[in-house]
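The values are calculated or read from the model by the stated rules, or taken from the named source; none is laboratory data. Because the structure is predicted, anything quoted here is derived from the model rather than measured. Heads up, the Cβs are rebuilt from the backbone with ideal geometry, glycines too, and the neighbour counts pull from every protein chain shown.
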């Protein structure tokens, strides 16, 4: 058996949520005849009758209700997979940058980083090691004035 199409599973879940094929088709943005064909293919793929088709509208069979529940799980797992893969690929917004004073960095951060696969690394403001805090230790950086007073 070939695996069911995710779009057909999403459509089946929409039928369960919206109470009919027409409303489900509108929700997922497909024409009703195309939605009907998609669900007919899903029924053939699974070897089950998922919908009772009547002139008043289509409703899910008991098998359709069960498959819709499983389809929710599959679609949620697919969402998790996509989010996880994006995080692993370093998608924008998933980067953690820690800025700390020299004291904090030397005494606290290495202990916190141990066991998490993190090592001592001092990225600068432009992403190159050691360029972001140049002069901060001796009080000559852009934001430091004399004896710790702001500029």
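Given (1) in a loop (DSSP other than H, G, I, E, B); (2) modelled with pLDDT of 95 or more, identify the lone condition not met by residue 72.
(1)
Only residues in the stretch 39-55 that are outside any strand (DSSP E or B) count as the first member; pair them with residues that are loosely packed, with under 13 Cβ neighbours inside 10 Å and at pLDDT below 95, Cβ under 9 angstrom, at least 6 apart or cross-chain, and list the lot.
If the second residue must be loosely packed, with under 13 Cβ neighbours inside 10 Å and at pLDDT below 95, the pairs left are 45/1; 45/2; 45/3; 46/1; 47/1.
Could you grab me the full set of residues in the stretch 3-38 that are in a loop (DSSP other than H, G, I, E, B) and more than 22 Å from residue 79 (Cβ to Cβ)? I'd like the intermediate steps shown before the answer.
If we filter the stretch 3-38 for residues that are in a loop (DSSP other than H, G, I, E, B), which is where we start, we get 3-5, 19-20, 29-31.
Result: 19, 20, 31.
Condition check ((1) modelled with pLDDT under 95; (2) more than 25 Å from residue 7 (Cα to Cα); (3) in a loop (DSSP other than H, G, I, E, B)) across all residues:
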| position | (1), (2), (3) |
| --- | --- |
| 64 | no, no, no |
| 83 | yes, no, no |
| 97 | yes, yes, yes |
| 104 | yes, yes, no |
| 110 | yes, yes, no |
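Taking the options 57, 47, name whichever one is at positive phi and in contact with a helix residue (DSSP H, G or I) (Cβ under 9 Å, 6 or more places away or on another chain).
Details: 47 fails: in contact with a helix residue (DSSP H, G or I) (Cβ under 9 Å, 6 or more places away or on another chain).
Among 57, 47, only 57 is at positive phi and in contact with a helix residue (DSSP H, G or I) (Cβ under 9 Å, 6 or more places away or on another chain).
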